[in-house]
1. Of Ser26, Gly14, Val47, which is farthest towards the positive pole of the chain's charge dipole, taken about the Cα centre with +1 and -1 on the beta-carbons of Lys, Arg and Asp, Glu respectively?
2. Explain nothing, just the number: dipole magnitude of region 1-103 about its Cα centre with +1 on each Lys and Arg Cβ and -1 on each Asp and Glu Cβ, in debye rounded to the nearest 20.
3. Just add up the charged neighbours of Leu17: K/R +1, D/E -1, any other residue whose Cβ is under 14 Å from the Cβ of Leu17.
4. Give me the one-decimal nm value for the distance between modelled label points at Ser24 and Leu46, 7 Å along each residue's Cα-to-Cβ direction.
5. Sequence gap at least 6, Cα distance under 8 Å: using those rules, report the relative contact order of region 65-116 to the nearest whole percent.
6. So what is the relative contact order of the chain, in percent, for Cα pairs below 8 Å that sit 6 or more residues apart?
7. So, R0 is 25 Å and r is the distance between the beta-carbons of Gln111 and Lys63; what FRET efficiency does that work out to, to 0.05?
8. What's the ranking of 40-46, 75-81, 15-21 by average number of surrounding C-beta atoms within 10 Å, highest first?
Amino acid sequence: VQLQASGGGLVQPGGSLRLSCAASGSTSSIKVMGWYRQVPGKQRDLVAVISSSGSTTYSDSVKGRFTISRDSAKNTMQPQMNSLKPEDTAVYYCHAYYGDLFYDSWGQGTQVTVSS
């Protein structure tokens, strides 16, 4: 499974941004897709994940502001990020677990900067 992320950019505090992750390859074997983010010098942290059944999990820092959705027919996953804060600034990475042994795949990062 290969992942291609897009949609990052510069947005003002309080604004919205929509990222997208397109999957290719053995997409029917994908179990879970999600987004992680990382700032320089810190570990990569979970933002949100969505399972093949549609159940979602969000980190406390984004709960109520971010919504993640998945289009299995188009093999895409999109988080809608609202009420963005400067502390949301990070490189965002798309991730997927796939296959019976839950192999993992990472997309390239996309920069999100929240600043006035």
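The values are calculated or read from the model by the stated rules, or taken from the named source; none is laboratory data. Because the structure is a prediction, the values reported are computed rather than measured. Note: ideal-geometry Cβ built from the backbone for every residue, glycine included; neighbour counts use all protein chains shown. The protein model used for the area step is the full one, side chains on, heavy atoms only, and it has no ligands, DNA or RNA in it. Shrake-Rupley method; radii C 1.70, N 1.55, O 1.52, S 1.80 Å.
1. Gly14
2. 100 debye
3. With Lys, Arg at +1 and Asp, Glu at -1, the neighbours total +3.
4. Calculated label separation equals 3.0 nm.
5. Details: 67 pairs, mean separation 15.7, N = 52.
Over region 65-116, the number comes to 30 percent.
6. RCO, the chain: 37 percent.
7. Given R0 = 25 Å and the Cβ-Cβ separation, E is 0.65.
8. Ranking the peptides 40-46, 75-81, 15-21 by packing returns 75-81, 15-21, 40-46.
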